[in-house]
Amino acid sequence: MSERIELLQKRESKYVLTQPLYQNYWLQSMYEAPATPGKASSLVDTTLSLAGLVASSILNSASSQFSPKDSSFTFWHEIPEVKKSGLLDVVSAQEHKLQEAMFEVITSEASHLRSLTVAVNHFSKCPELLDILTLMDWHMLFSNVQEVKDTSERFLLDLEERLEENVFVRDISDIVLRHCTNFHRVYIPYVTNLMYQEKMMQQLMLKEEFLQVLKKLEEQLICQRQPLKSFLILPFQRIIRLKIMLENILMLTSPECPMADSVREAAEAIKEIVHQCNENVKRMRQIEELVSLEKQLEFGSTKSLPLISQTRFLVKEGELVDISGHESGHTTGSATKSIYLHLFNDLLLLSRKDNGRYLVLDYATISKVRADCFEAKSLVFILCLAGNHKGTNRNVIVGAGSECEMQEWVAAISTLQRAGSESPNKGILGKAEP
């Protein structure tokens with residue numbers, strides 16, 4: 001095994017220098033309709049929650065500089081060995097499409113590796129950048145991009161080796177499956193770090209020294225007018241594109257074909273990696289939200305609560321009316337005050353909002369909270385805290401601005417309360433209570 005790895009490391013890719021930068025490939029895959037029998041018409045799935053991480057400025061700046069004429073793409077039917085073999089005269093239209101689809105995985109990976117090489121060698125290893133970035137800044141900005149590049153190179157060399165064995169490729173899904181462990185190891189941490197990478201980029205762009213070095217680097221011919229941001233987003237684009245291409249190959253593969261099960265397994269494996277990327281990003285966003293909120297809380301005389309938890313996330317928040325002296329939802333003339341509710345998956349927190357800060361009044365685990373309407377068409381409901389921060393029972397009557405808002409709050413609290421009651425009893429800190 002070690003001898004094989006050493007051999008692959010000595011080899012050089014046949015296609016990496018013949019393909020365009022991945023930014024151009026990716027954009028052209030969106031711009032162009034199928035131009036050949038095997039050109040997939042699917043676009044990058046921008047409905048994924050991960051796509052929200054891609055700042056529109058990145059895509060707009062990249063697309064505004066791109067022209068389909070800038071790039072030259074290679075197709076399976078254009079390979080000299082294919083033309084000489086006479087395969088184009090004997091393969092069916094379906095087989096032709098499948099060969100093009102599998103070949104696109106190879107050429108697009110070469111394109112990806114070419115751009116990653118620029119990201120690593122031109123940007124991350126730039127002496128001028130290394131001089132002005134702290135170790136933490138550098139890691140936040142470039143993350144594990146070197147590992148992503150190394151993984152891409154090993155994957156590409158294996159794909160090219162398969163093509164060299166037989167220009168009529170029987171299968172590549174087994175190669176994808178063999179590399180999935182490495183994909184999982186490098187892509188998930190990289191994509192998870194994207195939100196911090198974007199924040200770091202925003203901070204660095206405020207520093208004149210960084211801007212001067214960056215401008216000098218981006219103006220060099222090797223970047224082909226592409227900004228650093230477009231290189232940093234590459235792994236995110238690639239793992240999604242790989243998912244789409246494998247799904248396309250699966251659609252072109254007959255169920256009776258010997259490789260059908262392997263292709264399906266490979267497509268599912270990559271889909272799972274994308275899913276885990278999504279879940280990790282979502283979780284990191286939730287934790288960031290808790291960190292930000294905790295800084296705005298003031299407990300005063302209320303027993304303090306560690307808000308940040310790996311399992312906690314905000315479900316709903318909003319300002320309602322804290323009604324005093326009400327019976328059955330009818331006003332008796334008493335004064336009213338606003339009350340702010342933060343509803344988490346495991347906790348309800350009540351506070352007063354003042355100048356962007358929250359003075360905490362009370363809280364209780366969601367399993368000990370009940371929300372009941374007063375009467376039909378009433379805008380008022382009652383919050384029953386059976387065991388608040390003091391360990392006592394408390395009822396709070398609140399009013400909503402509309403019947404729809406009131407129903408949404410009652411439904412959300414009731415749903416979480418039922419889920420909390422069905423789960424093992426948890427304390428405020430997420431530990432099992434004695």
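Coordinate-derived values only; no laboratory data. Note that the structure is a prediction, hence the values are computed from the model and not measured. Note that we place each Cβ from the backbone using ideal geometry, even for glycine, and neighbour counts take in every protein chain shown.
Scaled to the globular estimate 2.2 N^0.38 Å, the Cα spread of region 153-231, given as radius of gyration, is 1.62.
Give me the mean projected area, in nm² to one decimal, of the convex hull enclosing the Cα positions of region 70-143. Walk me through the intermediate numbers first.
Details: hull surface 29.3 nm².
Computing the convex hull of the Cα atoms and averaging its projections yields 7.3 nm².
If you bin the C-alpha pair distances of region 222-381 every 5 Å from 0, what whole percents do you get? Taking all Cα pairs of region 222-381, the binned fractions are 1, 7, 11, 12, 11, 9, 9, 8, 8, 7, 6, 5, 3, 2, 1, 0 percent. 3J(HN,Hα) couplings calculated from phi for region 380-396 with the Karplus curve 6.51 cos²θ - 1.76 cosθ + 1.60 (θ = phi - 60°) are, in sequence order, 10, 9, 10, 9, 9, 9, 8, x, 7, 5, 8, x, 10, 8, 8, 10, 10 Hz; Gly and Pro show x. Treating each Cα of region 111-268 as one equal point scatterer and applying the Debye formula with no solvent, the log10 of I(q)/I(0) at q = 0.14, 0.15 Å⁻¹ comes out as -0.76, -0.84.
Which net charge results for the neighbourhood of Leu293, defined as the other residues with beta-carbon distances under 11 angstrom from its beta-carbon, given Lys and Arg at +1 and Asp and Glu at -1? Kindly include the intermediate steps, with their values, before the conclusion.
On the way: positive: Lys295, Arg312, Arg357; negative: Glu288, Glu289, Glu294, Glu317.
Around Leu293, the surrounding residues sum to -1.
What is the Cα radius of gyration of region 270-326 over 2.2 N^0.38 Å, N being its residue count? Numbers along the way, then the final one.
Numbers: Rg = 16.6 Å, N = 57, 2.2 N^0.38 = 10.2 Å.
Compactness ratio reported: 1.62.
Residue by residue, region 98-103 carries 3J(HN,Hα) couplings of 5, 5, 5, 5, 6, 5 Hz when phi is fed to the Karplus relation 6.51 cos²θ - 1.76 cosθ + 1.60 (θ = phi - 60°); x denotes Gly or Pro.
Between the amide H of Phe344 and those of Val315, Leu349, distances stay under 5 Å, these residues lying 5 or more places away or on another chain, with hydrogens modeled in the peptide plane.
Give me the percent relative contact order of region 100-193, please, defined on Cα pairs under 8 angstrom at least 6 residues apart.
Working: 47 pairs, mean separation 33.7, N = 94.
That works out to 36 percent.
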